[in-house]
Amino acid sequence: MAQTPVCWWVLIHYFLLPSSSSAHNDFFTSIGQMTDLLFTEKDLVTSLKDYIRAEESKLEQVKKWAEKLDVLSATATQDPEGFLGHPVNAFKLMKRLNTEWGELENLVLTDMSDGFISNLTIQRQHFPNDDDQTGAAKALMRLQDTYKLDTNVISTGELPGTSSSGSFRSSLTVDDCYELGKIAYSETDYYHTELWMAQALKQLDRGDESAAVDAVTILDYLSYSIYQQGELERALEQTKRLLSLDPAHQRANGNLKYFEYQLAKQKKAEEKEKKEGEQREKRQVETSKGRPADYLPERKKYEQLCRGEGIKMTPRRQSRLFCRYFDNNRHPLYVIGPVKQEDEWDRPRILRYHNIVSDKEIEKVKELAKPRLRRATISNPVTGVLETAHYRISKSAWLAAYEHPVVDKINQRIEDITGLDVTTAEELQVANYGVGGQYEPHFDFGRKDEPDAFKELGTGNRIATWLLYMSDVASGGATVFTDVGAAVWPKKGTAVFWYNLFPSGEGDYRTRHAACPVLVGNKWVSNKWIHERGQEFRRRCSLDETA
């Protein structure tokens, strides 16, 4: 991993600028509607407790009535005639049977759950559905793959970036692991089905309780998912274990015979090939072992960079990266108070600016964006229509400069620091990456095979990208550049900047980048895509493409 460049402004910070308090960590655990769901659940728990108290009060009244009558009837039945010889006892018996037992009946029949059920019914319309639950499960599996996490690590909640005593740490039950396995199975993802069914079985074997599933059911899924990945011997082993628990299991008995037949056939073929001196080729079914086939050719490199591996920066190149005070050609605003500029990468040049926005400004931007957060969209390269994509999992909102002075000030600050005209730039896009949120490798600029990518804007291609980090991230969430092997980590209040186009106007394919999945924490960013129009005299055209 590349080391931090030498930062001269760190050495002279206290001589030039007053010290400022460090930005506090942002402990949001989710976004928009998910945050609201926590308060909805809290309200439902309060309503449930009210219902429990009402039921307890009702039962207490019934209990007192029963205890009183138990004593009375025990005494009365010892000498019924003598008891009823007293006129008051006779009257009270008539009264009890005619009136009080009827009142008791009404009390017992009173439904104390009306308030709770009514509240639950109202709130249920805002609850997540099956698709949301599947999405959350897939997010966990995506994190598992990207960061090479063992199922037990996830199940115990001991994720990188969390402390063992952390108050937010949570663990998965047998039922939770089983549900993850079922969701993977429904997606024909037998690799993750095996992993999570095996974890559920492991926890069940060590004595964890389950309210919904037993070992036989788990083994049924486990043996089949192993078979689907071409491991007949292991599938047979798990099937035999299932039958030791339930000898009459119809499907397992059928599978046992089939697996034994296939295994015998396989061994026979291997022996034949061995005798003939041929190199046994792996069967087609064995090629499915491991993660499902992937559509992203650079998946391995992308995930390595997300883990902080495979970063390509030699010590010699590293020695040329510096930090400095930057005044953008003695810009009037920054002559006395220059900004801190840090080299993150050299080719392409990626710069980080420190302390660009205050906590107060960040909170205002979040406040403006939260009510509008929607699933982020991308432009379809064929139709040009905005649509959601499975490779971009975040929520975003767009903020115009006229909506609030803070947005206008941030836009002006971007222009003053970069020297580029932002009047033709796109609005400030605020994005929030929740559980497993990511944006897989992509280009910000329109390629030659996308001539109409930004035609409707009429401002040319995206010449540059300004990415502002509005939160720290406990673990994961890096911005990685897959073509050159660079990784930039989120730091609240800082912004990174790079040019997407060479001075000639040609696209710089080295800028292909991605937002890694957030492992622990909550990632808030805002970005400004700056377009070509208006930059003619600010970044002059050149045929030099070495920049």
Mean 1/r over distinct Cα pairs of segment 442-513, inverted to a Kirkwood Rh in Å, yields 13.6
³J(HN,Hα), Karplus 6.51/-1.76/1.60, whole Hz, each residue of segment 42-55, x for Gly, Pro:
4, 5, 5, 5, 4, 5, 5, 5, 4, 5, 4, 4, 5, 5
Which ³J(HN,Hα) values in Hz, rounded to whole numbers, follow from the phi angles of segment 500-517 under the Karplus curve 6.51 cos²θ - 1.76 cosθ + 1.60, where θ = phi - 60° and Gly and Pro get x?
8, 10, 6, x, 6, x, 6, x, 9, 6, 6, 8, 4, 9, 8, 9, 5, x
Given the protein chains as shown and a 1.4 Å probe, how many square angstrom of K148 are accessible, to the nearest 10?
150
What Kirkwood hydrodynamic radius do you get for segment 133-276 when you take the inverse of the mean 1/r over all pairs of distinct Cα atoms, in Å?
16.6
Viscosity 1.306 mPa s, temperature 10 °C: give me the Stokes-Einstein translational D for segment 128-184 in µm²/s, with Rh taken as the Kirkwood radius over C-alpha pairs.
131
How many percent of DSSP beta bridges within the chain run antiparallel, rounded to 5?
95
Express in whole angstrom the spacing between the alpha-carbon centres of segment 105-145 and segment 236-255.
36
Using only helices, what value at 222 nm comes out for the chain when you add -39,500 (n - 2.57) per DSSP H run of length 4 or more and divide by the total residues, to the nearest 500 deg cm²/dmol?
-13500 deg cm²/dmol
Amide H contacts under 5 Å for F322, restricted to residues at least 5 apart in sequence or on another chain and with H modeled in the peptide plane, are D343
How do Y402, Y147 stack up against each other in accessible area, from largest to smallest, with a 1.4 angstrom probe?
Y402, Y147
Amide H contacts of V339 (H built 1.01 Å from N, under 5 Å, at least 5 apart or other chain)
F326
Bounding extents of segment 35-173 in its principal axis frame from Cα atoms, largest first in Å, are 86, 32, 22
Note the direction-averaged projected area, equal to a quarter of the hull surface, for the Cα convex hull of segment 412-547, in nm².
8.3
What does the charge dipole of the chain about its Cα centre add up to, to the nearest 20 debye, if the Cβ of each Lys and Arg holds +1 and the Cβ of each Asp and Glu holds -1?
1820
Each residue of segment 292-303 in order: what ³J(HN,Hα) in whole Hz does its phi give by Karplus 6.51 cos²θ - 1.76 cosθ + 1.60, θ = phi - 60°, with x for Gly and Pro?
x, 4, 10, 8, 9, x, 9, 3, 4, 5, 4, 6
So how far, in whole Å, is the C-alpha centre of segment 420-450 from the one of segment 206-226?
44
Farthest towards the positive end of the dipole of the chain, among A400, W498, T46 and with Cβ unit charges of +1 on Lys and Arg and -1 on Asp and Glu, lies the Cα of W498
Given [x] 39.1; [y] 28.9; [z] 42.3 as candidate values of mean projected area of the Cα convex hull in nm², which corresponds to the one derived from the coordinates?
[z]
Can you give the accessible area per residue of the chain, in Å², using a 1.4 Å probe?
56
Filter on K370/K492; K492/K528; K148/K202; K340/K370 - keep pairs with C-alpha separation over 21 Å
K340/K370
Rounded to a whole number, what % of the accessible area of the chain do carbon and sulfur atoms account for, probe 1.4 Å?
54
Name all residues of segment 487-512 having a backbone nitrogen under 20 Å from the label point set 7 Å from the Cα of K448 along its Cα→Cβ direction, giving them as ranges.
500-512
Highest mean first, how do 338-345, 366-373 rank when packing is the count of other Cβ atoms within 10 Å averaged over residues?
338-345, 366-373
Spin-label pair T188/E273, simplified geometry with 7 Å Cα→Cβ offset, distance in nm
2.5
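The values are calculated or read from the model by the stated rules, or taken from the named source; none is laboratory data. Model, not experiment: these values are computed from the prediction. Positions of Cβ are backbone-derived with ideal geometry, glycine not excepted, and every protein chain shown enters the neighbour counts. Accessible surface is based on the protein model in full, side chains and every heavy atom, while ligands, DNA and RNA are left aside. Shrake-Rupley method; radii C 1.70, N 1.55, O 1.52, S 1.80 Å.
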